[in-house]
Structures are given as C-alpha cells and as structure tokens.
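The values are calculated or read from the model by the stated rules, or taken from the named source; none is laboratory data. These numbers come from a predicted model, not from an experiment. Don't worry about glycine lacking a Cβ; one is built from the backbone with ideal geometry, like all the others, and counts go over all protein chains shown.
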C-alpha cells in the first residue's frame, strides 16, 4: 500500500482547491469523493468571480478535469468510512476501494443541512428556498421574499434581506421576538407573520395554518449544520458550536486539534458559499504543503 502525501476526503470545491495547490507542488494527492455536492440542487452559482451564473455542476466538472491533468493526483469515487492514525501515518478505509495511507489528512467533507420541519421545504431547497442572500437574492428581482425563522440567527438574516426585496418574516413558532427586536425589524420595513406554516406549495407559496396563502419570489431560512460524516469525530477532532450548528475547530493554518489532520470548506468555516469554500481550500492546501516541507511547522 503506497503512501500518499495527502488524502483529501471530499472532492467538491474546497477539496479540489486544496488539491490544486498540492499537485502544483508535485505532491502525491488522493481525493476520495462520494459525489454528493451540497449545492447539487442549484441550477446556477452566483458571486464567484468569473463564474457568475454558471452551472455549479459544470464548475465542479471543469475543476476536476483540470486537476486530473496533473500526474500526481489520484481520484477515487467512493465513500470514506473511517480514518485512523497519527501525523505521517494516517489510513482511510473506503466502502469499496480498500484502505489508503497518507502523511496528512484533509477533511473537506462539507456539512449536512437540517431544515425546519415544514412539508414541502426539502424538495425546494436550493431551487426556491435558499440560505445565502448574496448567492440567490439578486435574481428575485426585488420581489416578495419570505424568511422562515429557524434559529436566533434568522433575525439577522431577516434584517439583511430588505436589500433585495419586500420581506415577510415568518416566525413559524420558532422564535419569540422581544420589543426591541420587533421594533428594529419593523424599522427595516419587514412584515412579521406569526401564524404557523402548514406547508409550502408551488414555486414558493406558503400556506399558513389558518388557510391563508402567501406567494413569494423566493424563501430563505437558516439551516442547522453538522459535519456530513463522523470521520472527524472518530479521529478525535474537536468540534465548535456556531450560530448555525457545529463545525470542526481549526487553527489559522486550517489544522484541527489532531496533529496532521486539516479541514476546510463548509465543515470548517462559516458563512458558506462556493467562493469562500474555494478560498478556504486554497489556503488549506498551501498550509499542508508547508508542513510537508518543514515537518516541525504547524
């Protein structure tokens, strides 16, 4: 079993950006990827310089094609099941391709999204229900926007979105607003709807428990996040709580609490977007390379 310099678990935007730095340094890199991009339901990507409006699947395909031109890259389409070891001697077991070893590990696994428990929200996630206003709000053409409360951070989301349209804040029994918060929201021009949501229909039509229907150009909500696989916890990597859930704790050099294990992208930073994931991955790749050049670094 040959040893790679780096195994990257997760071959989406952050993982590939990290890999690019490493293969350009002629390091032997293995990407293990299960092919489950978080934004696979989205038809277009916005806010990524030179790729504004592009199909996110095409961005990923192009990136992979460019990476595979480098002879030191190996790509395995498989599910990483487990990881163990210490710095300079890690191993990753997969569902179908066996076990691989590496000197360093990079976790770019992404996160899972726990959405509010509302009938119809899941199938519209990434299509007409979003989390990032910078990624999706402009295309709503200053129309009617609904914000579905889920966590305390939802108040900040609601306060921001009037930049892009007329906003209704749907409390859905998830939040209780104090007088100060309510006053601030009203001052921003928001309408506040306290009636619970029964379901979402059509494009983004919210049916309330009292039978009323509110139609929107798009809906926003703050999903709760957690690492998409338990591999980091198996390795003993420390977690940290954020306003939107749980992520991996990393240093400025993107190293986790376990020496030699690094993390980048949505699983290791917030907020989340393609451009931020790419930047985070590029930085992580360069920092991992530094520890390979100077073993006492990091």
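Condition test on residue 195, is it over 28 Å from the mean Cα position of the chain (by Cα) and either closer than 23 Å to residue 210 by Cα or in a loop (DSSP other than H, G, I, E, B) (or both)?
For residue 195, the condition - over 28 Å from the mean Cα position of the chain (by Cα) and either closer than 23 Å to residue 210 by Cα or in a loop (DSSP other than H, G, I, E, B) (or both) - is met.
Annotation note: of 267, 206, 261, the sole residue that is in contact (Cβ under 8 Å) with a residue 60 or more places away in the chain and in the same structural domain as residue 169 (by TED's automatic domain parsing) is 206.
Residue-wise test of (1) more than 22 Å from residue 270 (Cα to Cα); (2) assigned to a helix (DSSP H, G or I).
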residue: 112; (1), (2): no, no
residue: 116; (1), (2): no, no
residue: 134; (1), (2): no, yes
residue: 139; (1), (2): yes, yes
residue: 142; (1), (2): yes, no
residue: 145; (1), (2): yes, no
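Within region 60-77, is even one residue at positive phi and either in contact (Cβ under 8 Å) with a residue 12 or more places away in the chain or buried (at least 20 other Cβ atoms within 10 Å of the Cβ) (or both)? The answer is no, given that none of the residues of region 60-77 is at positive phi and either in contact (Cβ under 8 Å) with a residue 12 or more places away in the chain or buried (at least 20 other Cβ atoms within 10 Å of the Cβ) (or both). The residues in region 1-17 that are in contact with a helix residue (DSSP H, G or I) (Cβ under 9 Å, 6 or more places away or on another chain) and more than 21 Å from residue 112 (Cα to Cα) can be counted, and the count is 2. Evaluation of residue 39 against the conditions (1) in contact with a helix residue (DSSP H, G or I) (Cβ under 6 Å, 6 or more places away or on another chain); (2) closer than 16 Å to residue 92 by Cβ shows that the sole unmet condition is (2). So, residue 169, is that one buried (at least 18 other Cβ atoms within 10 Å of the Cβ), more than 26 Å from residue 53 (Cα to Cα) and touching a helix residue (DSSP H, G or I) at 6+ places or on another chain (Cβ under 9 Å) or not? Here the answer is yes, as residue 169 does meet what is asked. Any residue in region 71-82 that is closer than 24 Å to residue 286 by Cα and outside any strand (DSSP E or B)? Yes - at least one qualifying residue is present in region 71-82. Do the conditions hold for residue 200, that is, is it under 26 Å from the mean Cα position of the chain (by Cα), crowded, with 18+ Cβ neighbours inside 10 Å and outside any helix (DSSP H, G or I)? Criteria met by residue 200. The set of residues from region 214-244 being under 15 Å from the mean Cα position of the chain (by Cα), in contact (Cβ under 8 Å) with a residue 40 or more places away in the chain and assigned to a strand (DSSP E or B) comprises 221, 224, 225, 226, 227. Against the list (1) under 19 Å from residue 39 (Cβ atoms); (2) surrounded by 18 or more Cβ atoms within 10 Å (Cβ to Cβ); (3) modelled with pLDDT of 95 or more, the condition residue 138 fails is (2).
The single residue among 45, 101, 84, 12 that is crowded, with 21+ Cβ neighbours inside 10 Å, touching a strand residue (DSSP E or B) at 6+ places or on another chain (Cβ under 8 Å) and modelled with pLDDT of 95 or more turns out to be 12. For residue 272, the conditions (1) over 11 Å from the mean Cα position of the chain (by Cα); (2) in a loop (DSSP other than H, G, I, E, B) are fulfilled apart from (1).
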